[in-house]
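Every number in this text was worked out from the coordinates using simple rules, so none of it is lab data. Here the structure is a predicted model, which is why all the values come from computation and not from measurement. Quick reminder, even Gly has a Cβ in these numbers, built from the backbone with ideal geometry, and neighbours come from all protein chains shown.
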Amino acid sequence: MTSLQSPHAPKVRRQDLLILFGLACLIRLLTAWPQQQPNYMDAAYSYVNALNLLAGRGFVEDFVWNYLGQPGPPPQPSHLYWMPLTSILAWLGMAVGGASYRAAQIPFVLLSALLAPIAYLVAYHLSGQRRLAWLAGLLAIFSGFYFPYWTAIDNFTPFAITGSLALLAAWQGMEGVGSKEYAVRTDEHGLKQSNPQPPTLNPQPPLWLFAAGIFAGLAHLARADGPLVLISILLLYLLRFMIYDLRFTIYDLRLTSHASRLTSHASRLTLLLLGYLLIMTPWFIRNWQVTGAFLPAAGSQTIWLNNYDELFSYGRELSARTFLAQGLGPALQGRWWALTINLQTVLAVWGMIFLAPLALLGGWSLRRHGLIQLAGLYAALLFAVMTLFFAFPGARGGLFHSGAALLPFIYATALVGLEQAIEWIAARRRRWDAAVAKQFFGVGLVLIAVGLSSFIYYGRVLKNNAWNSADALYPAIAAWVAQANPTATVMIGNPPAYRYHGGGLSVIVPNENITTTLQAARRYKADYLILDHNHPAPLTAIYTKTVTHSGLSLVQTFTDDTGQPVYIFKLNQQ
């Protein structure tokens with residue numbers, strides 16, 4: 001895994017990293033300031049559970065947002081589907097700054113600013129050019145569709161930082177493993193010798209792999225698909241070991257020499273796994289105590305979804321049997337849908353459209369570089385898993401979230417690709433000044449990223465106060481329920497947001513007909529059913545009042561900011 005840097009390349013300047021980090025902090029603070037609340041379920045979930053941590057209640061949640069694994073009535077153990085690192089970080093911020101959304105944002109502002117120096121380092125390791133490293137750092141600050149979400153209480157930031165650092169540290173720890181071909185020496189007659197020398201192992205301390213294991217563990221603590229980072233590292237290490245060391249075994253059958261190398265490899269991989277287990281073992285133990293399993297099985301049930309809405313079903317079996325029962329045609333159609341959506345995510349979200357072809361060009365030219373092999377293997381595994389296995393949650397956000405760890409590598413390879421494209425054109429157009437063109441187009445890419453990021457941020461945060469107006473009726477609904485029945489449990493579309501806006505216990509409205517919905521209501525002792533225009537499709541007749549049911553009594557009506565009604569039904573338990 002040899003570096004592409006010139007032997008005369010300047011060393012990384014620490015002041016560059018500090019300036020980039022400071023600039024990134026300033027931009028993140030400016031983008032965080034208008035965001036005064038969580039505006040979607042994931043962020044509300046992590047924030048309200050961080051408040052429970054701050055209150056000393058531990059990992060507990062006061063709602064049920066899906067029925068996978070047949071959870072008990074709230075309050076119940078938290079983070080059995082989503083992982084806990086986001087809530088832990090928000091808790092740390094509030095432990096320092098007090099119980100507020102602003103304080104919870106502090107760790108995300110600081111951590112997300114680290115992405116710029118990481119991109120700088122990746123680009124520098126790949127190119128040896130300070131200019132490209134700076135451009136990569138700036139692209140990491142203005143990162144298109146990710147731009148509004150870095151300071152949200154969500155796992156975008158923690159996974160981006162831990163995942164990218166795991167890959168970077170693993171490369172440092174593996175650099176030299178299989179990095180040289182077995183040099184077959186020749187004697188004075190030009191005949192090949194039968195005893196070539198093996199490649200040397202990385203002389204740097206193998207603690208880099210221990211650090212990679214720690215970051216991989218943190219990546220898993222941030223996202224349930226985080227183990228793909230660890231798997232990518234293990235696969236690349238084993239592949240390179242198999243390709244080179246097995247070849248060495250053919251030439252050199254000295255068992256003691258081979259055994260020594262096997263021991264060295266085993267010790268390095270052991271350090272990698274120890275780092276991972278150091279982080280994850282406490283969480284495994286907690287899960288065992290709560291569920292009887294190191295990893296809850298609820299999330300894995302989403303493999304068998306026939307459509308995304310089944311994530312919110314109640315009382316349905318989700319298994320290989322039910323998946324196969326739909327037939328081959330619908331199963332393939334679902335994977336085709338996921339493939340088309342995920343390809344759009346790769347091109348438009350990861351690559352911001354204009355960077356994607358350049359990243360492919362640069363990545364191909366750097367395909368023998370260990371850092372690109374690691375990132376490319378992780379990207380391929382992630383795409384395959386989110387398309388073939390977790391097709392519906394993957395296409396609806398999983399690939400978007402987990403792809404954040406790839407951004408430093410995408411930006412770096414895009415800039416390398418730009419340089420190569422310019423050199424190719426300049427070789428055919430003699431009037432082109434390649435050096436000037438590289439500077440011009442490099443700055444141009446950053447300016448386009450700034451414009452795209454600003455446009456997306458305006459639309460999703462500032463326009464019509466979109467970010468802070470999410471679930472705008474929930475405070476009024478929570479106040480009405482508290483006055484009508486302070487101990488009530490409600491069925492509502494976004495239970496974490498209901499809790500954030502002052503509500504009590506809640507469960508999600510299932511994606512079922514009214515008969516099954518009432519069964520769930522009895523199971524979870526719900527007192528009210530709240531339906532808005534985002535209600536599940538099977539309950540449309542109830543929402544439009546074309547059908548009535550003896551188990552429901554309309555007791556209150558609100559109107560949202562779009563003029564759509566929101567109904568509160570009293571559940572008449574039988």
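For this structure, a couple of remarks:
- Each part reduced to its alpha carbon centroid, the stretch 374-427 and the stretch 462-515 end up 37 Å apart.
- Theoretical gain in end-to-end length, residue 515 to residue 99 [0.36 nm per residue, Cα-Cα removed]: 145.7 nm
- Sparse-neighbourhood loop sites, trypsin sites (Lys or Arg not before Pro) in the stretch 348-446 - DSSP loop, at most 15 other Cβ within 10 angstrom: 367, 368, 428, 429, 430, 431
- Extension gain for the segment residue 454 to residue 572, taken as residue separation times 0.36 nm less the Cα-Cα distance, is 37.5 nm to one decimal.
- For the pair the stretch 270-291 / the stretch 41-76, the C-alpha centres are spaced 21 Å from each other.
- For a paramagnetic label modelled on residue 297 (point 7 Å from Cα along Cα→Cβ), amide N atoms under 19 Å away belong, within the stretch 306-322, to 306, 311-322.
- Report note on the peptides 143-150, 12-19: ranked by the mean count of other C-beta atoms within 10 Å, highest first, their order is 143-150, 12-19.
- For the chain, lysine pairs separated by 8 or more sequence positions, or belonging to different chains, with Cα-Cα distances below 30 Å total 6.
- Helix 130-141 axis versus longest C-alpha principal axis of the chain: approximately 10°, rounded to the nearest ten.
- Between residue 557 and residue 396, the simple spin-label model (points 7 angstrom out along Cα→Cβ) gives 3.0 nm.
- Taking a ≥ b ≥ c as the square roots of the eigenvalues of the Cα gyration tensor, an a/c ratio of 1.5 or more together with a/b no larger than b/c marks the stretch 278-390 as oblate.
- For the stretch 551-557, the Karplus equation 6.51 cos²θ - 1.76 cosθ + 1.60, evaluated at θ = phi - 60°, returns couplings of x, 10, 10, 6, 10, 7, 10 Hz by residue, with Gly and Pro reported as x.
- Spin-label proximity, residue 389 to the stretch 207-239 - amide N less than 15 Å from point 7 Å beyond Cα toward beta carbon: 220, 223-235
- Near the amide H of residue 556, within less than 5 Å, lie the amide hydrogens of 568, all on another chain or at least 5 residues away, with H placed in the peptide plane.
- Paramagnetic label reach from residue 57 (point 7 Å along Cα→Cβ; backbone nitrogen cut-off under 13 Å): within the stretch 284-314, no residues.
- Degrees between helix 434-457 axis and first principal axis of the chain (Cα, 0 to 90, nearest 10): 10
- Overall form of the stretch 331-377 per C-alpha gyration tensor (a/c, 1.5; a/b vs b/c): oblate
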